[in-house]
Amino acid sequence: MSVTDTYQPLPDTGGPAQPLIRVSGLQKYFPVRGGILGRTQAKVQAVDGVSFEVKKGETLGIVGESGCGKSTTAKLLIGLVEKDKGEIVFDGHALGERLSLKDLRRGVQMVFQDSYATLNPRLTILDSVAFGAKVQGLDNPEDLARKMMDRVGLDPDRFAHRYPHELSGGQRQRVNIARALAMSPRLVVLDEAVSALDKSVEAQVLNLLNDLREEFGLTYVFISHDLNVVRYISDRILVMYLGEVVEVAPVESIWHEQAHPYTRSLFSAMPSMDPDNRTKEPPLAGDPPNPINPPSGCRFHTRCRFASAVCREAVPKLSGLARNGDHMVACHLHDAESGHPKAGQGVPE
Amino acid sequence: MAMAEATSIHAPEKVEKSKGYWSGVGHRLVRDPLTMFCLAVIAALILSAVFAPYLGLADPYKGSMIARLKPIGAPGYPLGTDEQGRDMLARLIYGGRLTLFIGLMPVVIAFFAGSILGITAGYVGGLTNTIIMRTVDVFFAFPSVLLAIAISGALGAGIVNSLVSLTIVFIPPITRVAEAVTSGVRKLDYIDAARASGASAWTVIRVHVIGNVLSPIFVYATSLTSVCMILAAGLSFLGIGVRPPEPEWGLMLNTLRSVIYVNPWLSALPGVMIFVTSLCLNLLSDGLRSAMNVRD
Amino acid sequence: MLSYLIRRILLVLPVAFGVSVICFLLVQIAPGDPLTAIMPIDATAEEQAAMRAAYGLDKPLPVQYAIWIGNLFQGDMGKSIASGRPVAAEVFGAVKNSLLLAVSAAVIAFPIGIFLGFLAGYFRDTWIDRAVTALSITGVSVPNYWLGIVLVIIFSVNLGWLPSMGAGPGGSQSWAWDWAHMRHLLLPAVTLAVVPIGIVSRTVRALAGDILSQDFVDALYAKGMSRADVLRHVARNAAATALSVMGLQLGYLLGGSILIETVFNWPGSGFLLSNAIFQRDLPLLQGTILILALFFVAMNLIVDVVQAAIDPRIQRT
């Protein structure tokens, strides 16, 4: 019996046309306590009104600076952080209505960045990998765990009874992948899952992830700050800035044209091997503004070269580009009616 | 449920067995001579107290008017006799029974109670945490000696009352440490990963929290045993612990004070036992701390 | 700083409330009737009921507590059953003596503890360090009531140099700064100092060792600073932590001196407490515990505030 036969995912309910996961208006503010009585003084607007969907079998890459809300979004998707507002719909079932948190976690799994910190130092590798499958009451959890270890390239006879500190970073991250897959999820959220690895190991793990996606019919949400990695693995890319989505587009489309000035700066900061492919865009200066008190209107206006009065006042809506509806952007430059002096012209060179 | 074997899975056939945490701890302990020595002393004290009736000692309760206050080394009385002519050696060894029991038991009970309270407070957080930890704060407003004496004094002398008051004294500090360690572990990614698997809070605590918080709490609890010994004997010394004529080191120290001008060194003997026990307990705790890699 | 001060004081209030509840409950957990000690043995049921009503013992517990705390705020802690004198007067007289003993012990213990701790931290992993560590472990392991007896055996019984009991010649209860009285203070103060010497030297050793091993000490040496200057820097950085440990120890000395006071018949709060226990004088027991605990709470507050003043980083937590 191969590992594919032991995989026990939740059944597909809505057919291929229904997105696997759809979130709308997702919001999470973290309270900041202080003062004499320790009352809430302010709120960090970590994620503010984020909406997107992930189709069955695709990989959505999420990029942005650190602190933009990528990781909070990831944790919201699996219920590790409780949402303030918004809706999470998994294969047609809304969380909290027809879908319990435990069932959501049956369908969605996560691989974290720090491969060491995510493994309990007192448990053997096999215990860690089999834990979730046991909790979820899957058949033969240990057998499944051993097969999954084997599948990700860890010989169960050699590694099953070892402890995390005896493994290399790459091996540990394979353990984490095996652990997530041992629960037979349909969606895997990879939060900077390869960022801490050496380049050579990173490539191996990325190839493994691609193979696994095909073999088990997985859907990925891939969070990373490394654009090259995201391009390699993703079908679509979502760009976040200060807790909001500023651009979503198919990977080739966004590679060809970054419609949002922020995306453009982000891409220009990326080292390129091709001298002809370098943008002239100056890289972003300074740190992002404080998410406790984000700028009004378009949150990027404080760092945007093209900001005008309207950017300070009106919040731009996320909408499709005129010539390519799949390429969505939230910028007044692309909205002919926005009142921006250069509205409708796209981002100037 | 299938989870029952989560921490004790045995491999079917040939495996590369690697060392777990506890075998490493045992290994380091065995190679620490001072700690092993203290362990031997404590073990000897406990064993001799438990098996005292089989050691061929004199009757620790039987006095003799003519054999009162024999000096140390007197023929037939290797450690002399007390103010009622009872054999000191027998009384010191029998005395270990009550002294060690009242000196160690409260920490054992407090270890369980404090761990449960502290782990709950640390893992659940929120209002539960506030209620438990603010109550603990109140007990911290009393120096431990004062609290033990206050409760024992109000309850009156007696073995059970001593156990109760000392247990109450040691629950708050253990709870505080357990809470601190647990809230630290609670923030770690592997707890998030475990929660993300859909496990209930109880399962996460049982499989992932307890194993990682118990050794620091345990080491801290062992560091309290010495204080508890001194306090337990101290209560008897004050006359609010064990009642006469039971042999108990603190109580013996108390009754022998009346003969301090007659046979001074004899009257200090029970204190030597308390001191040696307490010193060994402290050194043992330090040894455990380094063997278990627990930082302060 | 002011906001920290206010916040810290506000935090003390619930603790003080809890302390008062525990002290109130102490009398409730005591076996038997609190009135047995003062009630005639042949009292009739009506007389008992009348007495009960007179002391408010027929009311529900929360009401009794409210009455008790109300009287407390007016400085009325009830009357001692044994002596008939007001509890407050008895307690404050005794606390003065205990304070004298505690402060004397601190004056002996802190400089010695700091010195030994520095020595050990500075000469870390040498024989000096090991000797100090052994000494401090011995210090915290020794049952100090036994040590008191041993010192009495040596200095009073065998050598006859110092008195073994009381606070002054001829059972004097009032203190005076003369040799006759100081002689009485010496043994109990030294005995009481042993545990804090162990604890303070341990703390200071860790602090000094940690700070000396930090990079900035290397930087100071590199800048050509002298050994003495480096030591001074170390001292200032460790001051805040050391101070808090010492403040707590002073509190422990006052609250924990009961056993030593018993050994030396020192007429302090501990002595009062043990008398109260044996005479089942519950109002006196309650009052003494309450005052000692509140003193300890106040001590903690002062330590925290002083510590925050020295090291402003603390204010943020």
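Annotations for the structure displayed:
- Straight Cα distances below 20 angstrom link C:LYS79 to the aspartates and glutamates C:ASP33, C:ASP58, C:GLU90, C:ASP281, with same-chain residues fewer than 8 positions distant left out.
- For residues of A:67-79, the mean tally of beta carbons on other chains within 10 Å: 1
- Shielding by partners - mean other protein chain Cβ count within 10 Å, residues of B:151-158: 6
- Each of C:ILE289, C:ILE302, B:ILE46 was scored by other Cβ atoms within 10 Å of its Cβ. Arranged with the fewest first, they read C:ILE302, B:ILE46, C:ILE289.
- Region C:93-279 - charge dipole about Cα centre, Lys and Arg +1 at Cβ, Asp and Glu -1, debye rounded to 20: 120
- Of A:PRO250, A:LEU218, A:GLN45, farthest towards positive along the dipole that unit charges on Lys, Arg, Asp, Glu beta carbons give chain A: A:GLN45
- Relative to one another, the C-alpha centroids of region B:124-156 and region C:267-309 are positioned 15 Å apart.
- Peptide A:128-136 - average C-beta neighbours from other chains (10 Å radius): 6
- Within straight-line cross-link reach of B:LYS187, aspartates and glutamates at Cα separation under 18 Å, skipping those fewer than 8 residues along the same chain: A:GLU82, A:ASP114, A:ASP191, B:GLU179
- Residues with amide H under 5 Å from that of A:TYR241, placed H, sequence gap 5 or more: A:VAL246
- Sorting A:LYS43, A:LYS317, A:LYS28 from the fewest to the most surrounding beta carbons within 10 angstrom yields A:LYS317, A:LYS43, A:LYS28.
- Computed about its Cα centre, the charge dipole of chain C is approximately 860 debye, with only Lys, Arg, Asp and Glu carrying charge at their Cβ.
- DSSP finds beta bridges in the protein assembly as shown, and of those with both partners inside it, around 65 percent are antiparallel.
- Dipole of chain A, positive end: most advanced residue of A:LEU77, A:MET270, A:ALA145 [Cβ charges, Cα centre]: A:LEU77
- Helix-derived mean residue ellipticity, 222 nm - over chain B, DSSP H n ≥ 4, -39500 (n - 2.57), to 500: -22500 deg cm²/dmol
- Unit charges at the beta carbon, dipole of region B:82-200: most positive-side option, B:ASN161, B:PRO172, B:PRO143: B:PRO172
- Bridging of A:LYS317 to aspartates and glutamates at a Cα separation below 18 Å is possible for A:ASP48, A:GLU53, A:GLU244, A:GLU247, A:ASP326, A:ASP335, A:GLU337, once same-chain residues fewer than 8 apart are set aside.
- Cβ-placed point charges (K, R +1; D, E -1), dipole of region A:16-234 about Cα centre in debye, nearest 20: 580
- Sparse-neighbourhood loop sites, trypsin sites (Lys or Arg not before Pro) in region B:158-188 - DSSP loop, at most 12 other Cβ within 10 angstrom: B:LYS187
- Sequence of B:PHE237, C:PHE73 once ranked by neighbouring C-beta atoms within 10 Å, starting from the fewest: C:PHE73, B:PHE237
- Ordering C:291-298, A:12-19 by mean Cβ neighbour count within 10 Å, with the highest value first, yields C:291-298, A:12-19.
Taken together, the values in this text are just the output of simple stated rules run on the coordinates, not laboratory data. Small disclaimer: the values here were computed from a predicted structure and weren't measured. Cβ coordinates were reconstructed from backbone atoms using ideal geometry, including for glycine residues, and neighbour counts include every protein chain displayed.
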